[in-house]
Amino acid sequence: MAALAGGTEEFSVLPGIKIKPGLSSFSNNVGGLYEYIRPLLAAAALDVPPECVSTPELHIRGTAGMRLLPEEVQAVIWDNLFEQILLKEKHHFILRRSNFGTISGMLFLK
């Protein structure tokens, strides 16, 4: 467990794919997105085979919590997260804004 930027909230990296609380909790604090997602990026970088280190595409998707937010708020979160990772991330992920977004409930069930 670690404190988020600002020191008042805590988050944990769950095995595999998730961080709690979700991205939707940043609707009023987009400045803290990078520090929040950094542990997950570091874990993902460790899973990249050495021969593929310069070619993995980064995909970040939100689920139910993001779907509850208005689309304009979702866009602000996704745009800020993408820009912060682009500016601050030291790993060699291929970044495309189209790989960041909220998945539909139907896609999530598949």
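The values are calculated or read from the model by the stated rules, or taken from the named source; none is laboratory data. None of these values were measured; they are calculated from a predicted model. Virtual Cβ from ideal backbone geometry, glycine too; neighbours counted across all protein chains shown.
Quick test of your reading of the structure: E72 fulfils all but one of (1) of a type outside the set (A, V, I, L, M); (2) over 13 Å from V30 (Cβ atoms); (3) more than 16 Å from the chain's Cα centre (by Cα). Name the failing condition by number.
Among (1) of a type outside the set (A, V, I, L, M); (2) over 13 Å from V30 (Cβ atoms); (3) more than 16 Å from the chain's Cα centre (by Cα), E72 violates only (2).
Quick one: which helices (runs of 4 or more DSSP H) lie wholly within the chain and hold at least 3 residues that are at pLDDT 90 or above and touching a strand residue (DSSP E or B) at 6+ places or on another chain (Cβ under 8 Å)?
Result: 71-88.
In this structure, does L86 turn out to be loosely packed, with under 15 Cβ neighbours inside 10 Å, more than 14 Å from I19 (Cβ to Cβ) and without any contact (Cβ under 8 Å) to a residue 24 or more places away in the chain?
Against the criterion (loosely packed, with under 15 Cβ neighbours inside 10 Å, more than 14 Å from I19 (Cβ to Cβ) and without any contact (Cβ under 8 Å) to a residue 24 or more places away in the chain), L86 qualifies.
Considering R61, R67, which residue is in contact (Cβ under 8 Å) with a residue 40 or more places away in the chain and either of a type in the set (F, W, Y) or closer than 14 Å to I103 by Cα (or both)?
R61
Counting only residues that are farther than 16 Å from I85 by Cα and aliphatic (A, V, I, L, M), how many does the stretch 39-70 have?
7
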